[in-house]
Structure formats: structure tokens, C-alpha cells
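Only one structure is covered here, and it is reproduced in the block below.
Each reported figure results from applying straightforward, stated rules to the coordinates on display, with no laboratory input. Please read all numbers here as calculations on a predicted model, not as lab measurements. With ideal geometry, Cβ positions are generated from the backbone for all residues, glycine too; neighbour counts draw on all protein chains shown.
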Amino acid sequence: MSGADPRPAVPGWEGRYLDDFRVGDRYRHPHGRTITQTDNTWFSLLTNNPHDLHSNADYASRTEFGRPLVVSTLVLAIVTGLSVPDVSQNAVANLGWDQVRLTAPVFAGDTLYAESEVLEVRPSQSRPGQGIVRVRTRGLNQEGTVVLEFERAVLVYTRAARPEA
């Protein structure tokens, strides 16, 4: 590309900083993720989870579910990931997940969506320029059934203290 472009760059979505969160705000995270049996098998292998309910279709067919279940920690990881652009894109660190509830089974072929509600926002007492945001996140399948709920605490930069790109 030759020559300078006279138009200024249009800023993209940078995610929220501590300054942007308000208690009671709700975010419907924009992306969904369809889980495949390959995702489920790989995650089972990566995490050393040998339970036949996740990888043995013959065994799973004889259970109340009738087919393999997706590993619950994969569901937790995907739903958390779906919330990153709105909740933790500018995080210093995740501080913890609490009250994790698995409310419905998830199967290969299901598409997960997520939504979060801000429960608490406060400046850190020991880390200037950072603060704690606590959210409740729900994972839903393509039919709108809640399959997972949890609370998460995240340490987030203020806009003024963000690291330079």
C-alpha cells in the first residue's frame, strides 16, 4: 500500500473497563458456539477424563441420556469464553468461579449462547487502577434452555490504567 491514508482509523470494540460496568447491566453475548463430538472427545483426552459417558456411544446409549454427554467443564469453558468480549476482555486476571450449576444436559450438536448480569463493581483496595467485577452468567442452548449458571469475579483495569497496546 503506497501513501498515507488520510482517513483516521476507526476504533474497534476494546471490551469494557472497570469504568464501564454498572450493577444491573445485562449483556447478551453476541456469538454462539456449536459443540461437536470431536470437541468433546478432544477435551476428554486433554483433561484425562476417561468416563465412558463422554466418549463411548454404546455405553451412553444405555444411560438415561441415550447418547454421549458433553464434558461439563468444556461447557463451562465455552460459556466463559463467549462472555470474554463483554466481561473480561480487559481483565488482569480471573479471580474465581462460584455457584456453578449444571442445569440441563449438553450434547454434541448443541449450540451454546451466553448472557451475563453485573452483580458488583468496586475498585480494588490494594491495586490502584484496577477493580473487581462480579457477574452471573448463564449458558443457554439453541432452544433457550439454561444449561449452566455461575458467578465469576474478574479483576479488571480502569481505562486510565490499561496497558498500552
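Tell me the net charge near Asp39. Cut-off is 12 Å between Cβ atoms, Asp39 excluded, with +1 for each Lys or Arg and -1 for each Asp or Glu. Before the final figure, lay out each step's value.
Numbers: positive: Arg33; negative: Asp110.
Residues close to Asp39 contribute a combined charge of 0.
Taking Cα centroids, how far is the range 27-61 from the range 106-165 in Å?
So the separation of the two Cα centres works out to 23 Å.
With θ set to phi - 60°, apply the Karplus curve 6.51 cos²θ - 1.76 cosθ + 1.60 along the range 23-34 and write out the HN-Hα couplings as whole Hz, x wherever there is a Gly or Pro.
Coupling constants for the range 23-34: 4, x, 4, 10, 10, 9, 5, x, 9, x, 9, 8 Hz.
Once phi is turned into ³J(HN,Hα) by the Karplus curve 6.51 cos²θ - 1.76 cosθ + 1.60 with θ = phi - 60°, what whole-Hz value does each residue of the range 104-120 show in order, with x for glycine and proline?
Taking θ as phi minus 60°, the curve returns 7, x, 10, 10, 4, x, 6, 10, 9, 10, 9, 9, 9, 10, 6, 9, 7 Hz for the range 104-120.
Using a/c under 1.5 as the rounded threshold, could you call the chain rounded, prolate or oblate? The axes a ≥ b ≥ c are square roots of the C-alpha gyration tensor eigenvalues, and prolate needs a/b larger than b/c, oblate otherwise. Mind showing how you got there, number by number?
Values: a/c = 2.45, a/b = 1.71, b/c = 1.43.
In terms of gyration-tensor shape, prolate.
For helix 37-46, what angle does its Cα long axis make with the longest principal axis of the chain, in degrees from 0 to 90 and rounded to 10?
The angle comes out at about 80 degrees.
Compute the long axis of helix 72-87 from its Cα atoms, compare it with the longest principal axis of the Cα atoms of the chain, and write down the angle in degrees, 0 to 90, nearest 10.
The angle comes out at about 20 degrees.
Roughly speaking, what is the stretch gain from Leu119 to Thr47, that is 0.36 nm per residue apart minus the C-alpha to C-alpha distance, in nm to one decimal?
22.8 nm
What residues qualify as long-range amide H neighbours of Thr47, i.e. H under 5 Å apart, gap of 5 or more or another chain, H built at 1.01 Å from N?
none
Amide H neighbours of Thr145 under 5 Å, counting only residues 5+ apart in sequence or on other chains, H built in-plane at 1.01 Å?
Result for Thr145 returns nothing.
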